[in-house]
1. Pairs of alpha-carbon atoms within less than 8 angstrom and 6+ residues apart define the contacts here; what relative contact order does the stretch 11-278 have, in percent?
2. Looking at the stretch 1-109, which GluC sites (Glu not before Pro) are in a loop (DSSP not H, G, I, E or B) and have at most 13 other Cβ atoms within 10 Å?
3. At 7 Å along the Cα-to-beta-carbon direction for both D212 and A17, put a label point, then send me their distance in nm to one decimal.
4. Between Q261 and F41, how high is the FRET efficiency from 1/(1 + (r/R0)^6) when r is the Cβ-Cβ distance and R₀ = 22 Å? Nearest 0.05.
5. Which of the GluC sites (Glu not before Pro) across the stretch 113-189 are loop residues per DSSP, with 13 or fewer other Cβ within 10 Å?
6. Per q in 0.12 Å⁻¹, report the Debye log10 I(q)/I(0) for the stretch 123-263, using one uniform scatterer on each alpha carbon and no solvent.
7. What FRET efficiency would be calculated for the residue pair V74, R107, taking the C-beta separation as r and a Förster radius of 22 Å, to the nearest 0.05?
8. If you find the alpha carbon centre of the stretch 37-97 and of the stretch 246-268, how far apart are they in angstrom?
Amino acid sequence: MIAASGLPCTAGIGLRAPHVAHVRELRPPVDWFEVHSENYFVDGGPALAALDAIRADYPIALHGVGLSLGSADVLDGGHLRRLKRLVARIEPAAVSEHLSWGRVDGRHLNDLLPLPFTAEALDLICDRVDAVQAALGCPLLVENISAYLRFESDAMAEWDFVAEVARRTGCMLLFDVNNVHVNAVNHGFDPLDYLAAIPGDSVAEIHLAGFDATGACLIDTHGARVAPPVWSLYRATIARFGPKPTLIEWDTDIPPFEILQDEAAIAQSVLQPFDAIAA
Ligand SMILES: [Fe+2]
């Protein structure tokens, strides 16, 4: 089965620098990879050459962390041009960014910062998503983020904000199940309410990752195995939306590649029965 994004409805793995040589040399049996777009904003060199070589054998999703869609600053034209150039070169199966901001007065903050869930912020981010989709000439997948604060000015629930972005712009959603769980625990809502509000047809990809639970709140570290409650929410997500391309994200304390394959196999075991029904 092929998803709306062009990715297969199977489990993929986030490809990070420590595993590039392994993947390039051994061509492990992984259905698809996702990479961070900004790591390849270069005109040449070994990293881009490796990505070209891997792209010859695997579908690739480009996942952006620096476009700052929700910033009050004007959209960074240079960043968008570099992304467009990379899209033309790699011909990815999906291009995604976050519903967040990280740029102010021309200075870039290296984080995915939360937006207030207001009509004004909704207008702004929908304009930006429209502009990016027009520039790229393809649908953008936008991802819900983990956030550790809420604003007094919030006028709607997070899930209504996310669903409205998809409805107004026609963009696709990258539904991060771990981020929903982290926010549900930290802010005290029922993740099934979130799930119920999201239009399943708009979901083109899912993210799974691990969090840190040693402090006063859950921190979305991408540095551990997917936690049992996130697997439960993932099963509920697939039951509601049907099979969706699902990525294992791991960005800190990156383990041996086999651990990532093991996590992907668990996700695949959730997807498999649905694929059999579709076939
Ligand atoms: Fe994610």
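Just so it is clear, none of the values below were taken in a lab; they were calculated from the coordinates. Everything numeric in this text was worked out from a predicted model, so none of it was measured. Glycine also receives a Cβ, built like all others from the backbone with ideal geometry; neighbour counts cover every protein chain displayed.
1. It rounds to 16 percent for the stretch 11-278.
2. Answer in residue order: no site qualifies.
3. 2.0 nm
4. Values: r = 28 Å, r/R0 = 1.29.
Step by step, r from the Cβ atoms, then E = 0.20.
5. On the way: sites: E120, E143, E152, E158, E164; in loops: E152.
Taking the stretch 113-189 and a limit of 13 other Cβ atoms within 10 Å, the loop GluC sites (Glu not before Pro) found are E152.
6. -0.51
7. 0.95
8. Cα centroid of the stretch 37-97 versus Cα centroid of the stretch 246-268: 22 Å apart.
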